[in-house]
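Single-structure report; data block below.
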Amino acid sequence: MAAKYQILADDLLEKILNGEYPIGSVIPPESKLQEIYQVSRHTVRQALSLLIQQGYLKAEKGSGTFVLDYKDTSKNKTQATKTIGVITTYLSDYIFPTIIEGIEEVLREHGYSLMLNATNNDPAQEEECLKSMISQGVDGFLVEPTSSNEYNPNIAYYSQLREDSVPVYFLNACYDMLDVPYASLDDEQAGYEATKYLIGKGHTKVGLIAKMDDMQGKLRMKGFIKMHEEAGLPFQSRYIATFTTKNQKEAIVRYVEDILDSTDAPTAIVCYNDQVASQLIQALREVGLTVPKDISLVSHDNSYLAQAQLITSVKHPKKQLGQEAAQQLINAIEKNTEMTSILYAPEMIERDSVKEI
């Protein structure tokens, strides 16, 4: 089934060719087209953008959209641009550039350009990204959800995009209120394997530092708890520290001061990701503790931080995730195939941050 904007564009083109909208005339404004066809503004703009690219229409700010002399479309046509909107939580030099590299590689191969933006894990900024990209008529979206473990009002935008047949594919997590496919590390299994690794090294008092405004943190905690239950090991709630985007550094420092610098401290910690592990190592140094002599650490993502500080870390698929997510989206756009979710099995990369007991 053709996308809604394509159906609208075909109908408008038929009206142009049969003279209902003659050359030089102004077609109805966007609001009127919305009313006539019972579609969203985004769908109208996509349809108009397509006809503009094909040389049938020309938009003039303040005047409207005019029908061009389509009998000589060679002088009116512009090169059609195929664009995918990519929204991530951050654009830092952590794992995101490698994910984007994978996306870009596939998009380039299929003749698509990339429109990139970041939300800083702030729903308000995510809304601005979505509104901007929707207004520019991108063909599909690859999105890393913002604060994915909390209610996000922007799910209304994603629901509308699906209604308008604009494909959306999520990266690293999903909004569980929406039935939208995604590609992600199997985070529950990752938390399970990280905990299992420490227990296998003889640690019976294992702590956890987890981010709780993102779905990954919730799932990694679930794996942490599951492994303890299977091993028949109790864990103390005081060994678990949670944080959000806004208080990450403060939570790590407080964890060191309140828990690790005490007589009843865990001997090993599962960290939410390598960034948290790196900040934890620095906070430990400030109170005279070192890794792995005093505290053992296992982390997630296997980023450059894990490599530089010799942290044992669960591998993140990064580039592969970007490539396969982009391919899913391209197939949906060009072949109308159904997109499916991908979960990557965790793989432990061993280094020198764990001491065997």
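The values are calculated or read from the model by the stated rules, or taken from the named source; none is laboratory data. Everything quoted here is computed from the prediction, not taken from an experiment. Cβ atoms come from the backbone with ideal geometry, glycine included; neighbour counts cover every protein chain shown.
Quick look at the numbers
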{"quantity": "Selected residue (only one of ARG238, ARG220 is closer than 30 Å to TYR151 by Cβ, of a type in the set (Lys, Arg), modelled with pLDDT of 95 or more and touching a helix residue (DSSP H, G or I) at 6+ places or on another chain (Cβ under 7 Å))", "calculated": "ARG220"}
{"quantity": "Qualifying residue in segment 57-80 (condition: closer than 23 Å to SER165 by Cα, among the aromatic types (Phe, Trp, Tyr), part of a strand (DSSP E or B) and modelled with pLDDT of 85 or more)", "calculated": "no"}
{"quantity": "Qualifying residue in segment 317-332 (condition: of a type outside the set (A, V, I, L, M, F, W, C) and modelled with pLDDT under 95)", "calculated": "no"}
{"quantity": "Total residues in segment 130-166, condition part of a loop (DSSP other than H, G, I, E, B) and either at pLDDT 95 or above or of a type outside the set (Val, Ile, Thr) (or both)", "calculated": "16"}
{"quantity": "Test: residue in segment 129-136 that is out of contact with any Cys (no Cβ under 9 Å at 6 or more places or on another chain), crowded, with 19+ Cβ neighbours inside 10 Å and of a type in the set (Lys, Arg)", "calculated": "no"}
{"quantity": "Lone qualifier among VAL44, VAL39 - being touching a residue at least 60 places away in the same chain (Cβ under 8 Å), of a type in the set (Val, Ile, Thr) and in contact with a helix residue (DSSP H, G or I) (Cβ under 8 Å, 6 or more places away or on another chain)", "calculated": "VAL39"}
{"quantity": "Out of GLU105, GLU163, GLU109, sole residue that is surrounded by fewer than 16 Cβ atoms within 10 Å (Cβ to Cβ), of a type outside the set (S, T, N, Q) and under 27 Å from TYR56 (Cβ atoms)", "calculated": "GLU163"}
{"quantity": "Candidates LEU107, LEU116, filtered to the one that is assigned to a helix (DSSP H, G or I) and of a type outside the set (S, T, N, Q)", "calculated": "LEU107"}
{"quantity": "Some residue of segment 16-28 being under 24 Å from ILE330 (Cα atoms), among the aliphatic types (A, V, I, L, M), modelled with pLDDT under 85 and outside the structural domain of GLY140 (by TED's automatic domain parsing)", "calculated": "no"}
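One line per residue, one yes/no per condition, for (1) in the same structural domain as GLU257 (by TED's automatic domain parsing); (2) among the basic types (Lys, Arg); (3) within 23 Å of THR267 (Cβ to Cβ):
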| site | (1), (2), (3) |
| --- | --- |
| ASP176 | no, no, no |
| ASP179 | no, no, no |
| TYR197 | yes, no, yes |
| GLY200 | yes, no, yes |
| THR204 | yes, no, yes |
| LEU208 | yes, no, yes |
| MET212 | yes, no, no |
| MET215 | yes, no, no |
| PHE224 | yes, no, yes |
